[in-house]
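See structure below.
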Amino acid sequence: MKKVVLAYSGGLDTSCIVKWLSNKGYSVVAFAADVGQDEDFSQIKKKALASGAVKAYVRDLKDEFINDFIWPSLKASAVYEGQYFLATALSRPLIAKHLVDIAVKEKADYIAHGCTGKGNDQVRFEVSAAILNSKLQCLAPVRTWEFKSREEEIDYAKANNIPVNVTKAKPYSIDENLWGVSIECGVLENPWNEPPEDAYLWTTDPAKAPNKASYCTIEFKKGIPTHLNGKALAPQKLIKAVCELASKNGVGRSDMIENRLVGIKSREIYEAPAGTVLHAAHKALESMVLDRDTMHFKEHISLKYAELIYNGLWYSKLKKALDKFVEETQGKVTGTVKMKLYKGRVVCVARKSPNSLYREEMATYTEKDKFDQKLSEGFVKLWGLPHTK
């Protein structure tokens, strides 16, 4: 019998896929990756086996996710199209890595996923797996099976006694991990519809957030957050604490029409409370410690880095080369940033660093001023020389 390792979430698509592939004569090994989604993985494992999987793996990948994927993207200031903090996109190359590892361990010739033919995740899984092990073949049932809608999948699940957590009245497609939530489908497919409150999982409606601002201090060491409010925290605890504070204050929502890799535009809403705060804090600190040329050039790198992640090219040679540049920029990104959170907004209100390039005596307009303004006349003339007759 042909053996396939399926990236299994326990959601509607992959729950149907286990039964569907089993009926096609495949021996299905399910693999569920714990990247911080709020799930009962013992139940997910039982569900996979009850649906027809011959074996089910669960791996806790949260620390690896943070250290090897989230922190590098934070240091790179990687945000896709200015709004998407890449929570789902970052998890896919990690899941693909372990999918390949289990396939080799199980001596399987196939891997499978539950991605659609119009989405980005199909590329992220398949290209990552191909780079890591080109011998494996990939199955994508959602691209080929007979179901034309999520409603038909729900009917199939009910007919086969597969428990699912979606209904025809609330058919959202949701992907969640410790860095954020991606939400699509249902009423969101009409871009004129305002997202209903039941579409959001984590964040408070900004209009209903506290009327008093919250403050926090975040300390970075070489681009990585290490302390919250003066207390050293392990990465998982730090992200969770920032997420809770931001969510309470309605921070971290985005509603965007994004450009998918396959060429279509898609309406997505995202929640990234911790990502929103930490990226803003990191950027504020960089503005203090990076020289102008490096900071401006890094903006171009950040854009490309985000595109590579979004487009499923985490393991590409270019991404590895850009990592070298990013690491070089982060050597001085050490210091503390004070953030203010209020009704959906987060701003930096104070910052300090032992590597600061800011000099008060050069910037001040008081009697402490040490800037020799007489030098500026010659500077201005020389600067404009190439552009004047």
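The values are calculated or read from the model by the stated rules, or taken from the named source; none is laboratory data. Please read these numbers as outputs of a predicted model, since none were measured by experiment. Glycine gets a Cβ as well: all are built from the backbone with ideal geometry, and neighbour counts include every protein chain shown.
Values computed for the structure shown
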read-out	value
Restricting region 250-276 to residues that are more than 18 Å from TRP179 (Cβ to Cβ) and among the polar types (S, T, N, Q), the residue that is surrounded by the fewest Cβ atoms within 10 Å (Cβ to Cβ)	ASN259
Members of region 40-68 found to be touching a residue at least 40 places away in the same chain (Cβ under 8 Å) and within 29 Å of PHE85 (Cβ to Cβ), listed by number	TYR57, LYS62, ASP63, PHE65, ILE66, ASN67
Top-ranked residue of region 171-199 - restricted to ones that are among the aliphatic types (A, V, I, L, M) and modelled with pLDDT of 95 or more, ranked as surrounded by the fewest Cβ atoms within 10 Å (Cβ to Cβ)	LEU178
The lone exception for ALA96 - which of (1) among the small types (Gly, Ala, Ser); (2) touching a His at 6+ places or on another chain (Cβ under 9 Å); (3) surrounded by fewer than 18 Cβ atoms within 10 Å (Cβ to Cβ) it fails	(3)
Residue ID - nearest to SER214 (Cα to Cα), chosen from residues in region 328-374 that are in contact (Cβ under 8 Å) with a residue 12 or more places away in the chain and of a type in the set (Phe, Trp, Tyr)	TYR342
Test: residue in region 248-264 that is more than 25 Å from PRO191 (Cα to Cα), part of a strand (DSSP E or B), at pLDDT 95 or above and in the same structural domain as MET339 (by TED's automatic domain parsing)	no
Region 232-259 residues that are in contact (Cβ under 8 Å) with a residue 12 or more places away in the chain, paired with ones that are of a type in the set (Ser, Thr, Tyr) and part of a helix (DSSP H, G or I) (beta carbon under 6 Å, 6 or more apart)	VAL251/THR276; GLY252/THR276
Qualifying residue in region 102-109 (condition: within 23 Å of the chain's Cα centre (by Cα) and touching a residue at least 24 places away in the same chain (Cβ under 8 Å))	no
Looking only at region 334-348, and only at residues there that are surrounded by fewer than 18 Cβ atoms within 10 Å (Cβ to Cβ) and over 10 Å from THR217 (Cα atoms), the one that is farthest from the chain's Cα centre (by Cα)	LYS343
Residue within region 219-241 that is over 19 Å from the mean Cα position of the chain (by Cα), among the aromatic types (Phe, Trp, Tyr) and outside any strand (DSSP E or B) present	no
Selected residue [under 30 Å from THR334 (Cα atoms), out of contact with any Ser or Thr (no Cβ under 7 Å at 6 or more places or on another chain) and of a type in the set (Gly, Ala, Ser)] from GLY25, GLY82	GLY82
Matching residues, region 74-90, being within 12 Å of ARG260 (Cβ to Cβ) and not in a helix (DSSP H, G or I)	TYR80, GLU81, TYR84
Flag if LYS319 is surrounded by 15 or more Cβ atoms within 10 Å (Cβ to Cβ), of a type in the set (Lys, Arg), free of Cβ contacts under 8 Å to residues at least 60 places away in the same chain and more than 23 Å from SER182 (Cα to Cα)	yes
Index of the failed condition, ILE218 passing every other in (1) closer than 30 Å to GLU286 by Cα; (2) assigned by TED's automatic domain parsing to the domain that holds TYR26	(2)
Count of residues meeting criterion [surrounded by fewer than 22 Cβ atoms within 10 Å (Cβ to Cβ) and either at pLDDT 95 or above or more than 24 Å from THR144 (Cβ to Cβ) (or both)] in region 3-19	1
Elements of type helices (runs of 4 or more DSSP H) contained in region 287-389, each with 2 or more residues being within 30 Å of GLU244 (Cα to Cα)	292-310, 317-329
Answer residue from region 200-214, given it is among the hydroxyl-bearing types (Ser, Thr, Tyr) and either out of contact with any strand residue (DSSP E or B) (no Cβ under 6 Å at 6 or more places or on another chain) or within 27 Å of LYS265 (Cα to Cα) (or both) and is surrounded by the most Cβ atoms within 10 Å (Cβ to Cβ) among those	THR203
